[in-house]
Every structure is written in structure tokens, then in C-alpha cells.
Amino acid sequence: MARKKQQRLVESLNSAVEGFLHVLRTQRNMRLHFLLATLVIVLSIYLSLPKVDLLLLLISIMLVLALEMVNTAIELTIDLIKDAYHPLARVIKDVTAGAVFLAALNAAAVGYIVFSKRFSIAIEKGISEAIHTPWHVTFIAFLVLLFLVLVGKILFHKGTPFRGGMPSGHSAFAFSMWTVIAFSTRNVLIIILTFVMAFLIARHRLTNSVHNRIEVASGAVLGILVTSLIFQLLL
């Protein structure tokens, strides 16, 4: 009896390892997560991090890997039981992928907090540099603009996060870049050429029927206003 229980335990362990290896072999995201996790663990051991910090990193890493495996299992199950396309199947896959994304963001935040103490990266210093450096201000403007574009698409229930919907993200970022260059240089020719480029990008979204005129125009206005406001406040 004890021998059979031991065999079942070994078989269960083999199945668990086979499941992990299958996801590792077939899923590109899992391979990327595993590579980053390995590098982080090796760096943690090399730096002799405190046990508490190491434990926080391990918990965050294992959460990402475990959710990636659950995400793969759910996707395979849906593909197995559902031959035809169904909107709810897409929603389920998106939700599980979102769970992995949130876990990855949490792991990145934990990693930053843990390693910032070792490398003496001060948050206050980073904020100070961001306020006084045009490149950092541009990065902040892009982040804010990306957030507002995604919020707009959620509120209007149209398009996907990176295609279609209100407002046009391509138009917003094209005219945001034009605004950045307009603030950063006095060369009129460069400003004009950048405006033409932004206009062509916006026009391309119209000719390809990805957006309508209102969506493209609202994206352009949003990009200009947000970027101008952030440059005026932080520089």
C-alpha cells in the first residue's frame, strides 16, 4: 500500500514537471519570464540580499510563473471545447492574460524596491531629474497620453487598446511628438517637417478606415494639449 502511494506521488511530481516543461517549451512569454526570473535570482544571490527581500522576490516571481501556466491551461481548455469563435472565449483569454500582466507589474515593482536599496537609486532624485530633463518630461508625457488614450477607448467601448476606437492613439502620439519637437527646437524647417509627418500618420489612419475624422482629430488635440500642459508644468 505504501509502495503504491509512493508511486502515485512520483507520478504526480512527474506530471507537474511535465506540465511546467510543456508550457516552457511552447509559450514564448513563459520562456521570457523564466529567463528574467533566473537572472533576477542569480543577481540576488550574487548581491547577498537579505532573506526577506529574497523571499519577496521569490513570491513575486512564482506568482508570475504560476499565473502564466494557469493562463496557458485556460487557453488550451477553451480551444479544446470551443471549435467556433465566441466573444466570451476571447474575453476569458484576455482576462487571464491581464492577470499575468498585473502579476508582472507587481514583480517589477518589487524588484525595483528591493534592488533600489542595493544600488542607492533614490526615488526623489529620479523625480527631480525628470522635472529638469526634457527627455524625461517627454517620457512622462507619453505615459500620461497612453493612459488617457486607453481610458478613452474604455469609456467609449469602441476598438481595441492598440487599434481603432476613440481617440486615435497613432494620431495622439504623432502630434505629441510634433509638440515635443516644437518645444525643443527653434528650427522652423524641422517643426514643419514633423508636422507634415504627424499629419500623414493621422491621414493614414483615415484612408485605412481604422478611425473616422472625429477620432483622428480628437487624438491630435489630445496629444497636443497633454504634451503642452506637461511641458509647461515640468519645465
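The values are calculated or read from the model by the stated rules, or taken from the named source; none is laboratory data. What you are looking at is a predicted structure, and each value in this text was computed from that prediction instead of being measured. We place every Cβ from the backbone using ideal geometry, glycine too, and count neighbours over all the protein chains shown.
Couple of notes before you dig in:
- Filtered residues of the stretch 11-44 (kept if within 18 Å of residue 58 (Cβ to Cβ) and polar (S, T, N, Q)): 38, 44
Let's see how each residue does on (1) within 19 Å of residue 234 (Cα to Cα); (2) at pLDDT 85 or above; (3) among the charged types (D, E, K, R); (4) touching a Phe, Trp or Tyr at 6+ places or on another chain (Cβ under 8 Å):
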{"position": "183", "(1), (2), (3), (4)": "yes, yes, no, yes"}
{"position": "191", "(1), (2), (3), (4)": "no, yes, no, yes"}
{"position": "210", "(1), (2), (3), (4)": "no, no, no, no"}
{"position": "213", "(1), (2), (3), (4)": "no, yes, yes, no"}
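- Residue match in the stretch 194-209 (condition: touching a residue at least 40 places away in the same chain (Cβ under 8 Å) and assigned to a helix (DSSP H, G or I)): no
- Total residues in the stretch 48-87, condition loosely packed, with under 14 Cβ neighbours inside 10 Å and farther than 26 Å from residue 97 by Cα: 4
- Matching residues in the stretch 163-221 - criterion: being among the small types (Gly, Ala, Ser) and closer than 19 Å to residue 147 by Cβ: 164, 165, 168, 169, 171, 172, 174, 176, 218, 219, 220
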